[in-house]
Amino acid sequence: MTKIVVLVKQVPDTNAKIVVSGDRVDLSAVKKVMSPYDEFAVETALRHRDASGGEVIALTLGGAGADKVLKDAKAIGVDHIVRIDCEEELDSNSLQSALASTLQEMGAEIVYCGKSAADTGAGSTGPGVAERLGWASASNVTSVGFDGGLTVVAPSDGGNARMSVNTPAVITCDKGDIKVRKPNVKGIMQAKKAQVEVKTAAIQPSSVTIVAHSMPPAKPAGKSYEGGAAAAEVANLLRDEANVI
Amino acid sequence: MTELIVIAEIAKGTIHTTTSELVTAANALGGSPIIIVPCTDASVADAAGTIAGASKVIAAKSDAFAHYDAAAWAEALDAVAPQGTILTSATPQSKDLAARLAARRNLSVVQDVVAISQNQLTSPVYSGKAMQTVAISGPAVVSVRANVFDAAPSTGSNEISVVDTTGNMATAVQEFMARASQRLDVAEANIIISGGRGMGSPDNFVHLEAIADTLGAAVGASRAAVDTWEAIPHSMQVGQTGKTVNPNLYIAVGISGAIQHLAGMRSSKYIVAINKDADAPIFQHADYGIVATWEEALPVLQSTLAGMMA
């Protein structure tokens, strides 16, 4: 039975206003959701199970507050939900080490995750975990096929390519042409009752530490014009002042 | 002092100019980097010979570099690069490579860096709604955004050596798929002109395309336009759930400037906004704002630009 694991992360709602108070972002008033690209990863993992059997386990790392995204994954059909208990802020090295050792212990055979998380936007977790496991990886994947081995469509050399991927592998998912299924009443009821399996993992010390958050630098006020005829002047300024054309 | 290594950015078989920006970024970390050029043909590395501020150039030659494969590239570059802090560009492919290289060496990776001050690195987080500054202790892998650091001048004369290397491919291309459009992709363009729902109809995007053809620009779209009109594909979408772009010039036409959209383009070097609503949030981010309908402004823009380019 193929063990399919999908990594999910809880992030601030992408429509939320981000406030910096002191020198840290203040997320206390912000609604938390599953990172949007992780939703495509969950959907793809479920399709993998539907196509070739097996079970799907959603895995996250965080405090008890992160259980909500696991329940959201459960509501649309994952089989098991697991959280590595850790409240600390981790750098990529510590995070990936904890995930990789847990995946190994779980006997994961294929891992899906979003192409990047909506908070950091880094996109490091998928390829980093793959490297630590000695697995193949394919990133920014928009479509996955399961017949006759794993195939993916991903950007390549300015276009797209269909590639076969050795397994085991980590696949990071972009928004493709798939629709993420919605939870039904039965799913929501099951999610409510579902138990989160809480694991501990050895956490290495971080070598990258957050010094400060700040608001993006304000742009100096630009020049404003009324009426379409001003487009001629703006075109000249783009050449002579901004030097961009 | 940790060694500094720049992995050259390769585009269409040649060294991309962002490689010179990476050298400047490495200098900001306090040293002259070794430039490593992943290539199948060592002559590709010649262009790195004149990048000032570097210590030397290594052409890392391998068949594995014919096509991007995360596992193979990380293995082949790891074998060539000395221990130290590695800098890559922040294209999606190079960020992927940066993450794999870091993991291979049990290092941390810091992505999308836009400012460096000693050992402190700043990157946008929350889709650019805030900035995060981190301190690194010891070696790390760092990806650096394009168009942020000045390019190092081409006045250097670096020694170039060739090292053969190998990596095991974990993926195999079955077919390259034709792109839906022959146009430049927004993720690759230095100039982007994007339309929003204010364009009224997807048919009116031809006016944006005409200007794009004049400037050698890509055509983008807001999420509202992509969601409203089937004819506008998601591949054109700039924004939080689309592509994050960092061009020299971004022209937003009939785009109000929702947080969603701003997240994907606010770090553009110059922003021009054309919108009939003077209160549209996009104007707060524009270097040049024109309050006008696209019907009024685009023909003037097109004819002026065409005159300049002629």
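The values are calculated or read from the model by the stated rules, or taken from the named source; none is laboratory data. All values derive from a computational prediction rather than experimental measurement. Using ideal geometry, Cβ is built from the backbone for each residue, glycine included, and neighbour counts are taken over all protein chains shown. With ligands, DNA and RNA removed, areas are computed over all heavy atoms of the protein, side chains included. Shrake-Rupley method; radii C 1.70, N 1.55, O 1.52, S 1.80 Å.
Among the residues making up the stretch A:122-132, those that are assigned to a helix (DSSP H, G or I) and free of Cβ contacts under 8 Å to residues at least 60 places away in the same chain are A:Pro127, A:Gly128, A:Ala130, A:Glu131, A:Arg132.
Tell me the residue from A:Val244, A:Val198, A:Val185 that is free of Cβ contacts under 8 Å to residues at least 12 places away in the same chain and more than 7 Å from every other protein chain (Cβ to nearest Cβ), please. Working first, answer last.
On the way: A:Val244 fails: more than 7 Å from every other protein chain (Cβ to nearest Cβ); A:Val198 fails: free of Cβ contacts under 8 Å to residues at least 12 places away in the same chain.
Just one listed residue meets the conditions, A:Val185.
For the stretch B:8-33, the tally of residues that are open to solvent by 10 Å² or more (accessible area, probe 1.4 Å) and among the aliphatic types (A, V, I, L, M) stands at 5. Only strands (runs of 3 or more DSSP E) whose full extent lies in the stretch A:133-200 are considered here, and the ones with at least 1 residues that are surrounded by fewer than 18 Cβ atoms within 10 Å (Cβ to Cβ) are A:143-145, A:159-165, A:197-199.
Of all residues in the stretch A:64-121, those satisfying the criterion of being in a strand (DSSP E or B) and within 28 Å of B:Pro124 (Cβ to Cβ) are A:Ile84, A:Val111, A:Tyr112, A:Cys113, A:Gly114. Answer yes or no: is there a residue in the stretch A:39-55 that is hydroxyl-bearing (Ser, Thr, Tyr), at pLDDT 95 or above and either more than 21 Å from B:Ser108 (Cα to Cα) or open to solvent by 10 Å² or more (accessible area, probe 1.4 Å) (or both). Among the residues of the stretch A:39-55, at least one is hydroxyl-bearing (Ser, Thr, Tyr), at pLDDT 95 or above and either more than 21 Å from B:Ser108 (Cα to Cα) or open to solvent by 10 Å² or more (accessible area, probe 1.4 Å) (or both), which makes the answer yes. The residue that is surrounded by the most Cβ atoms within 10 Å (Cβ to Cβ), among those in the stretch A:226-235 that are over 18 Å from B:Pro247 (Cα atoms) and at the interface with chain B (Cβ under 7 Å from one of its Cβ atoms), is A:Ala231. Examine the stretch A:38-48 for a residue that is within 13 Å of chain B (Cβ to nearest Cβ), within 19 Å of A:Val69 (Cβ to Cβ) and part of a strand (DSSP E or B), and state whether such a residue exists. Taking every residue of the stretch A:38-48 in turn, none turns out to be within 13 Å of chain B (Cβ to nearest Cβ), within 19 Å of A:Val69 (Cβ to Cβ) and part of a strand (DSSP E or B). Of the residues examined, B:Ala170 is one that is facing chain A (nearest Cβ under 9 Å), modelled with pLDDT of 95 or more, on the phi < 0 side of the Ramachandran plot and crowded, with 19+ Cβ neighbours inside 10 Å.
Among the residues of the stretch B:141-148, are any among the small types (Gly, Ala, Ser) and out of contact with any Asp or Glu (no Cβ under 8 Å at 6 or more places or on another chain)? Reasoning before the result, please.
Of the residues in the stretch B:141-148, the ones among the small types (Gly, Ala, Ser) are B:143, B:146.
Checking which are out of contact with any Asp or Glu (no Cβ under 8 Å at 6 or more places or on another chain) leaves us with none.
Taking every residue of the stretch B:141-148 in turn, none turns out to be among the small types (Gly, Ala, Ser) and out of contact with any Asp or Glu (no Cβ under 8 Å at 6 or more places or on another chain).
Only one of the numbered conditions (1) open to solvent by less than 10 Å² (accessible area, probe 1.4 Å); (2) more than 8 Å from every other protein chain (Cβ to nearest Cβ) is violated by B:Arg145, and that is (1). Pick from the stretch B:56-74 the residues that are at pLDDT 95 or above and part of a helix (DSSP H, G or I): which of them is farthest from the other protein chains (Cβ to nearest Cβ)? Selected residue: B:Asp63. A:Glu88 falls short of the stated requirement of being touching a Lys or Arg at 6+ places or on another chain (Cβ under 6 Å) and at negative phi. When the stretch A:86-108 is filtered for residues that are closer than 21 Å to A:Pro12 by Cβ, touching a Leu at 6+ places or on another chain (Cβ under 9 Å) and either among the small types (Gly, Ala, Ser) or at pLDDT below 95 (or both), only A:Ser92 remains.
Taken over the stretch B:295-310, residues that are in contact with a helix residue (DSSP H, G or I) (Cβ under 7 Å, 6 or more places away or on another chain) and either surrounded by 15 or more Cβ atoms within 10 Å (Cβ to Cβ) or within 7 Å of chain A (Cβ to nearest Cβ) (or both) amount to 9. Considering only the stretch B:159-172, I want to know if a residue exists there that is free of Cβ contacts under 8 Å to residues at least 60 places away in the same chain and part of a strand (DSSP E or B). Within the stretch B:159-172, one or more residues are free of Cβ contacts under 8 Å to residues at least 60 places away in the same chain and part of a strand (DSSP E or B). Would you check which residues across the stretch A:62-104 are free of Cβ contacts under 8 Å to residues at least 60 places away in the same chain and within 22 Å of A:Ala130 (Cα to Cα) and list them? Within the stretch A:62-104, A:Gly62, A:Leu95, A:Gln96, A:Ala100, A:Gln104 meet the criteria.
Keeping to the stretch A:1-37, report how many residues are part of a strand (DSSP E or B), touching a residue at least 40 places away in the same chain (Cβ under 8 Å) and within 27 Å of A:Ala130 (Cα to Cα). Steps first, please.
Here is the first cut: in the stretch A:1-37, the residues part of a strand (DSSP E or B) are A:3-7, A:10-12, A:19-21, A:24-26, A:32-34.
With touching a residue at least 40 places away in the same chain (Cβ under 8 Å) added as a condition, the list becomes A:3-7, A:10-12, A:20, A:24-25.
After this cut, where a residue has to be within 27 Å of A:Ala130 (Cα to Cα) as well, the list is A:3-7, A:10-12.
Qualifying residue count for the region: 8.
Taking the criterion of being open to solvent by 60 Å² or more (accessible area, probe 1.4 Å), of a type outside the set (A, V, I, L, M) and in contact (Cβ under 8 Å) with a residue 24 or more places away in the chain, the residues of the stretch B:180-199 that qualify are B:Arg183, B:Glu188, B:Asn190, B:Arg197.
The one condition from (1) within 14 Å of another protein chain (Cβ to nearest Cβ); (2) open to solvent by 10 Å² or more (accessible area, probe 1.4 Å); (3) at pLDDT 95 or above that A:Arg83 does not meet is (1). Annotation note: of B:Val186, B:Val162, B:Val173, B:Val219, the sole residue that is more than 25 Å from the chain's Cα centre (by Cα) and hydrophobic (A, V, I, L, M, F, W, C) is B:Val162. Just to be sure before I move on: is A:Ala118 in contact with a Phe, Trp or Tyr (Cβ under 8 Å, 6 or more places away or on another chain), modelled with pLDDT under 95 and facing chain B (nearest Cβ under 8 Å) in the structure I sent? So A:Ala118 fits the description; yes. Residues that are closer than 30 Å to B:Ser123 by Cβ and among the small types (Gly, Ala, Ser) within the stretch B:140-168 comprise B:Ala140, B:Ser143, B:Ala146, B:Ala151, B:Ala152, B:Ser154, B:Gly156, B:Gly167, listed in sequence order. Here B:His234 fulfils each of the conditions (1) in contact with a helix residue (DSSP H, G or I) (Cβ under 6 Å, 6 or more places away or on another chain); (2) buried (at least 21 other Cβ atoms within 10 Å of the Cβ); (3) farther than 23 Å from B:Gly289 by Cβ apart from (2). Scan the stretch B:222-234 and give yes if some residue there is under 23 Å from B:Ala306 (Cα atoms) and assigned to a loop (DSSP other than H, G, I, E, B), otherwise no. No, every residue in the stretch B:222-234 fails to be under 23 Å from B:Ala306 (Cα atoms) and assigned to a loop (DSSP other than H, G, I, E, B).
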